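Below: one structure, written as structure tokens.
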Amino acid sequence: AVRESGVAELLPSVDLVVFDEAHQLNEIGVLFLGIQVSSNQLLDCSRDVLVAGLQHARGLCDWTARCADLERSVRDLRLVMGHTAYSRRLSWGEHAPQGVDAQSWQEGVAGLAQALRDVRTDLDTVTELSPDLGRLLERVDEILAGLKLLQMDSDADQVRWLDVGKQWRWVKSPLDCASVFTGVDVQVVSDDEAWGEGDDAAASPRSPRSWVFTSATLGDDAGLSWFCQPLGLSRARVEVVQSPFDHEAQAALWIPPDLPLPNDARHTVALVDQAAAWVRQLQGRTLFLTTTLRALDAAAQRFRDVFVDSDLQVLVQGEAPKPELLARFAQASRQGGAVLVASVSFWEGVDLPGDMLQMVVLDKLPFPVPDDPVIKARARRIESQGGSSFALHTLPATAVALKQGAGRLIRTERDRGLLVVGDVRLLRQSYGRRLRAALPPMRALASELEVQAWLATLSETPSMFDATSA
């Protein structure tokens, strides 16, 4: 997309392009190829206009007042969206985001558009004074064009929504990236721990490259359809490469059978109460992963209550940057231990090898949020084509996310640990077998006594990695 815009050649002319962590490609592509206007984008633009205006055209326009008006309109539109304790994604109603008063929304958008046009008018009178001012004019024009497109109805293969938190982002995007990749000569799609070589890429004049997409999680079926179909990779060659780890010897799986159902308000506290004993036995070394921020807050508070008189530290996502939390967690393995409570952003991209981390607890199955606008739109499309959205999208997406979370546990050939999934649906529901099959082939524990015995073997294992070197 960048290349075709004429701005730059992002990828060099090479024979082979490898996308690692490719399971993220469709979602990233959907956002990149869509249209969006955000509060951060607008505020950054306002600050840049103020700096450039005062530097290159001081006194010719009232830049301070003009930019203040723009920033005020951004804040006013945020007030229309209402208060929210957690970031949330709003589906689109008939004339406004669901739950937002339509008249107030339209007045807020109109005020924002007018403030942008006022900034544009001032910039247009001084662009000859500096290339910076000309580029800012183009930037404002792009935002205005995006704002106009966002107000138009979506096509059948598009979805429109609003992300609301401290900031806001208004988005219209395609449902997938198939239209971009269809027709590209893709030789290889690879999975798990390795990637294979492509055929001679020069065979395709349109795309003179071999493309390799690799990840530990590209789907739970032999054809990796969860990954291939949204990207239009119908002609791709697929390889599934087995993991080099001996999961059955290195790891065990425990699914507590007596927990409340995940939608029960008692679920998080009950899981923490069970896990606390295992955390003590391991002297920390535990990553407790939740699927929602609400559950994260509840779990963190319960762990703090339980360990109030203990040397065990309770580290919580949001209290420090991710790298700092991981460094403190590693350091704590020599100072009484720690449990790290985190949510979605820690389900992948976390590498704590050796006995720094010996237990991963997943609070429940990571089903896609059912009322997410993008998920709902994709489900509607599948159902309209006669398919089952649960079987064709929800379950594969859940399997991929579940495997990502479980993958935090075993990072090297010498790691050993326990995976706990606090969701009885894995045992009771018909789809539980499919999701269990998506996990690495760990030893399944059958009782609390077996859990304690397995943890005892982990506690007795000599340290494989010194915390300082790690």
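The values are calculated or read from the model by the stated rules, or taken from the named source; none is laboratory data. Just so you know, these numbers come straight off a predicted model, no measurement behind them. Positions of Cβ are backbone-derived with ideal geometry, glycine not excepted, and every protein chain shown enters the neighbour counts. Heads up: the accessible areas ignore ligands, DNA and RNA and are worked out on the full protein's heavy atoms, side chains in. Shrake-Rupley method; radii C 1.70, N 1.55, O 1.52, S 1.80 Å.
Using a Förster radius of 51 Å, what is the FRET efficiency between Ala102 and Asp311 based on their Cβ-Cβ separation? Nearest 0.05, please.
It comes to 0.40.
First compute the accessible area of the chain with a 1.4 Å probe, then give the percent of it belonging to carbon and sulfur atoms.
Values: 11610 of 22760 Å².
Carbon and sulfur: 51 percent of the exposed surface of the chain.
Quickly rank 380-386, 339-345, 364-370 as a protection proxy: mean count of other C-beta atoms within 10 Å, highest first. Let's see the in-between values first.
On the way: 380-386: 12.3, 339-345: 22.9, 364-370: 18.1.
Result, highest mean Cβ count within 10 Å first: 339-345, 364-370, 380-386.
Provide the per-residue ³J(HN,Hα) series for the range 437-450, in order, calculated from phi with Karplus coefficients 6.51, -1.76, 1.60 and θ = phi - 60°, each as a whole number of Hz, with x at glycine and proline positions.
5, 6, 6, x, x, 7, 5, 8, 8, 10, 7, 4, 4, 5
Modelling each spin label as a point 7 Å along the Cα-to-Cβ direction, I'd like the Leu293/Asp153 distance in nm, to one decimal.
The answer from the label model is 3.4 nm.
Treating the beta-carbon of each Lys and Arg as +1 and of each Asp and Glu as -1, no other charges, what is the dipole magnitude of the range 275-402 about its Cα centre, to the nearest 20 debye? Intermediate values should be presented prior to the final figure.
Working: 13 positive and 13 negative charges, 54 e Å.
Approximately 260 debye in magnitude.
Quick one: accessible area per residue over the chain, 1.4 Å probe, rounded to a whole number of Å²? Please report the intermediate quantities before stating the final value.
Working: 22760 Å² over 470 residues.
Per-residue accessible area for the chain comes out at 48 Å².
Normalise the Cα radius of gyration of the chain by 2.2 N^0.38 Å (N = residues in it) and let me know the number.
Working: Rg = 25.5 Å, N = 470, 2.2 N^0.38 = 22.8 Å.
Against the empirical 2.2 N^0.38 Å value, I get 1.12 for the chain.
Specify which residue in the list Ile382, Gln335, Val350 is farthest towards the positive end of the charge dipole of the range 272-389, using unit charges on the beta carbon of Lys, Arg (+1) and Asp, Glu (-1), about the Cα centre.
Ile382
How many nm separate the modelled label positions at Ser234 and Val369, each set 7 Å beyond the Cα in the direction of the Cβ?
3.3 nm
Which order do Leu137, Leu362 take when ranked by solvent-accessible area (1.4 Å probe, heavy atoms of all protein chains), largest first? Provide the component values of the computation, followed by the final result.
On the way: Leu137 20, Leu362 0 Å².
Accessible-area ranking of Leu137, Leu362, largest first: Leu137, Leu362.
Sort the following peptides by mean Cβ neighbour count (other Cβ atoms within 10 Å, averaged over residues), highest first: 15-27, 159-171.
Details: 15-27: 15.8, 159-171: 19.7.
Answer by packing, highest mean first, reads 159-171, 15-27.
Tell me, in nm to one decimal, what length is gained between Ala110 and Arg75 on full extension, where the rule is 0.36 nm per residue of separation less the Cα-Cα distance? Walk me through the numbers before you get to the answer.
Details: separation 35, 0.36 × 35 = 12.60 nm, distance 1.34 nm.
Gain in length upon complete extension: 11.3 nm.
Under the rule a/c < 1.5 gives rounded, and otherwise a/b versus b/c splits prolate from oblate, where does the range 328-406 land using the Cα gyration tensor? Don't skip to the end; give the middle numbers.
Numbers: a/c = 4.31, a/b = 3.30, b/c = 1.30.
Prolate.
Pull up the DSSP beta bridges for the chain and report the antiparallel fraction as a percent, rounded to 5. Write down the numbers at each step before the final one.
Working: 16 of 50 bridges.
Beta bridges within the chain, antiparallel portion: roughly 30 percent.
Among rounded, prolate and oblate, which fits the range 265-341 when a ≥ b ≥ c are the square roots of the eigenvalues of its C-alpha gyration tensor, a/c under 1.5 means rounded, and a/b larger than b/c means prolate?
Details: a/c = 2.00, a/b = 1.19, b/c = 1.68.
Taking the square roots of the gyration eigenvalues as a ≥ b ≥ c, the range 265-341 is oblate.
As I understand it, the dipole of the chain uses +1 on the Cβ of Lys and Arg and -1 on the Cβ of Asp and Glu, about the Cα centre. Which of Leu395, Gln55, Ala145 lies farthest toward its positive end?
With unit charges placed on the Cβ atoms, the residue in question is Leu395.
Per residue of the chain, what 222 nm ellipticity follows from adding -39500 (n - 2.57) for every DSSP H run with n ≥ 4, rounded to the nearest 500? Intermediate values should be presented prior to the final figure.
Values: 16 runs with 189 residues, N = 470.
Only helices count here, giving -12500 deg cm²/dmol.
Between Ala65, Ala85, Thr125, whose Cα lies farthest towards the positive end of the dipole of the range 1-132 when Lys and Arg beta carbons carry +1 and Asp and Glu beta carbons carry -1, centred on the Cα centre?
The residue sitting farthest along the positive end of the dipole is Ala85.
What spacing in nm lies between the two simple spin-label points modelled at Leu33 and Arg414, each 7 Å away from Cα in the Cβ direction?
4.5 nm
For a protection proxy built on the mean count of beta-carbon atoms within 10 angstrom, sort 30-39, 247-256 highest first, please.
Details: 30-39: 17.0, 247-256: 19.0.
My ranking of the peptides, most packed first, is 247-256, 30-39.
About its Cα centre, how strong a charge dipole does the chain have in debye, to the nearest 20, once Lys and Arg get +1 and Asp and Glu get -1 at the Cβ?
My answer is approximately 900 debye.
I'd like the FRET efficiency for Glu21 and Leu60, computed as 1/(1 + (r/R0)^6) with the beta carbon distance as r and R0 of 45 Å, rounded to 0.05. If you can, show how the numbers build up before the last one.
Numbers: r = 49 Å, r/R0 = 1.08.
So the FRET efficiency works out to roughly 0.40.
With the Cα gyration tensor of the range 1-146 giving a ≥ b ≥ c as the square roots of its eigenvalues, does the rule (a/c under 1.5 for rounded; else a/b larger than b/c for prolate; else oblate) give rounded, prolate or oblate? List each step's numbers first, then the result.
Values: a/c = 2.49, a/b = 1.11, b/c = 2.25.
The shape class here is oblate.
Take the residue pairs Lys172/Lys376; Lys322/Lys403; Lys322/Lys376 and return only those whose Cα atoms are more than 23 Å apart. Spell out each step's value before the answer.
Details: Lys172/Lys376 14 Å; Lys322/Lys403 21 Å; Lys322/Lys376 31 Å.
Check vs 23 Å cut-off fails for Lys322/Lys376.
Tell me, what ³J(HN,Hα) does each residue in the range 257-272 have, in order and in whole Hz, if you take phi through Karplus 6.51 cos²θ - 1.76 cosθ + 1.60 with θ = phi - 60° and put x for Gly and Pro?
x, 10, 6, x, 4, x, 7, 7, 4, 8, 4, 4, 5, 5, 5, 4
If r is the Cβ-Cβ distance from Ser13 to Val180 and R0 is 30 Å, what FRET efficiency results, to the nearest 0.05? All intermediate terms of the calculation are to be shown ahead of the outcome.
Working: r = 20 Å, r/R0 = 0.65.
Step by step, r from the Cβ atoms, then E = 0.95.
Taking H as built 1.01 Å from N, whose amide H comes closer than 5 Å to the amide H of Val361, not counting residues under 5 places away?
Leu287, Phe288, Leu289, Val420
Work out, step by step, the length gained on full extension between Leu129 and Arg380: first 0.36 nm times the residue separation, then minus their alpha carbon distance; give nm to one decimal. Walk me through the intermediate numbers first.
Details: separation 251, 0.36 × 251 = 90.36 nm, distance 5.20 nm.
Result for the pair: 85.2 nm of gain on full extension.
Using θ = phi - 60° and the Karplus form 6.51 cos²θ - 1.76 cosθ + 1.60, what ³J(HN,Hα) does each residue of the range 41-49 get, whole Hz, x for Gly and Pro?
4, 5, 5, 4, 4, 4, 5, 5, 4
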